[in-house]
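The values are calculated or read from the model by the stated rules, or taken from the named source; none is laboratory data. Since this is a predicted model, take the numbers as computed values, not measurements. Here the Cβ positions follow ideal geometry from the backbone for every residue, glycine too, while neighbour counts run over all protein chains shown.
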Amino acid sequence: DAGVTQSPTHLIKTRGQQVTLRCSPKSGHDTVSWYQQALGQGPQFIFQYYEEEERQRGNFPDRFSGHQFPNYSSELNVNALLLGDSALYLCASSLLDRDFREAFFGQGTRLTVV
Amino acid sequence: SQQGEEDPQALSIQEGENATMNCSYKTSINNLQWYRQNSGRGLVHLILIRSNEREKHSGRLRVTLDTSKKSSSLLITASRAADTASYFCATENFGNEKLTFGTGTRLTIIP
């Protein structure tokens with residue numbers, strides 16, 4: 001059973017460019033959340049998708065957008081990249097309809113903006 | 001914004017010793033979870049404790065939760081070199097399924 005998979009592993013982009021990161025959730029999971037982790041910090045919640053809709057959103061600008069597909073996979077898009085967007089982007093999947101939700105994380109995409 | 005703070009920020013101990021790290025948080029929670037992260041890669045779920053629980057064990061891990069003090073501790077007994085990693089606590093609030101992470105404790109086990 002494959003866990004959460006993310007692609008690509010590493011990415012280098014130039015300021016002002018746009019980037020798309022991809023995530024396939026763990027088999028059987030229906031909810032995907034995205035987190036940004038700056039160097040030396042804990043992950044920060046970006047947004048969560050369930051049934052192809054954005055359920056919750058953290059304190060991130062509209063340059064950050066996402067999508068969830070019918071097969072539950074998800075994309076994170078970031079427009080007009082800034083140097084400060086350089087971080088590890090983590091995807092987590094879980095089952096929404098449970099009394100507690102253990103989140104399974106992917107290995108992340110390391111984005112460097114130059 | 002970060003919900004919690006881990007303490008200490010960094011910890012180095014000899015292999016075989018016990019490691020204790022603490023987490024404080026700010027708001028009422030539904031549950032608190034601990035995660036491990038190796039070398040800035042993915043997070044591995046270690047243990048979840050619900051707000052109505054006070055203590056939980058899983059293998060060499062022992063977690064306590066004090067909701068009156070809004071704090072939790074993670075104890076790793078008989079540490080091994082493979083336990084070297086960063087450890088994060090994360091809280092889930094009622095009606096809000098996102099995880100809010102603390103700042104992490106960097107644990108180094110010296111062989």
Residues (at pLDDT below 95, more than 10 Å from every other protein chain (Cβ to nearest Cβ) and exposed (fewer than 14 other Cβ atoms within 10 Å of the Cβ)) located in the stretch A:81-97: A:Asp97
I'd like to verify a number: residues in the stretch A:2-57 that are outside any strand (DSSP E or B) and on the phi < 0 side of the Ramachandran plot, how many? 19
Determine, yes or no, whether B:Thr77 is β-branched (Val, Ile, Thr) and modelled with pLDDT of 95 or more. yes
Please find, among B:Leu11, B:Leu48, B:Leu74, the residue that is of a type outside the set (Phe, Trp, Tyr), part of a strand (DSSP E or B) and closer than 16 Å to B:Thr100 by Cα. B:Leu48
Among the residues of the stretch A:5-42, what is the count of those that are within 11 Å of another protein chain (Cβ to nearest Cβ) and farther than 16 Å from A:Gly66 by Cβ? 8
Does A:Arg57 qualify as being among the charged types (D, E, K, R) and within 14 Å of another protein chain (Cβ to nearest Cβ)? yes
Within the stretch B:87-111, restricting attention to residues that are surrounded by fewer than 21 Cβ atoms within 10 Å (Cβ to Cβ) and under 16 Å from the mean Cα position of the chain (by Cα), which residue is nearest to the other protein chains (Cβ to nearest Cβ)? B:Thr103
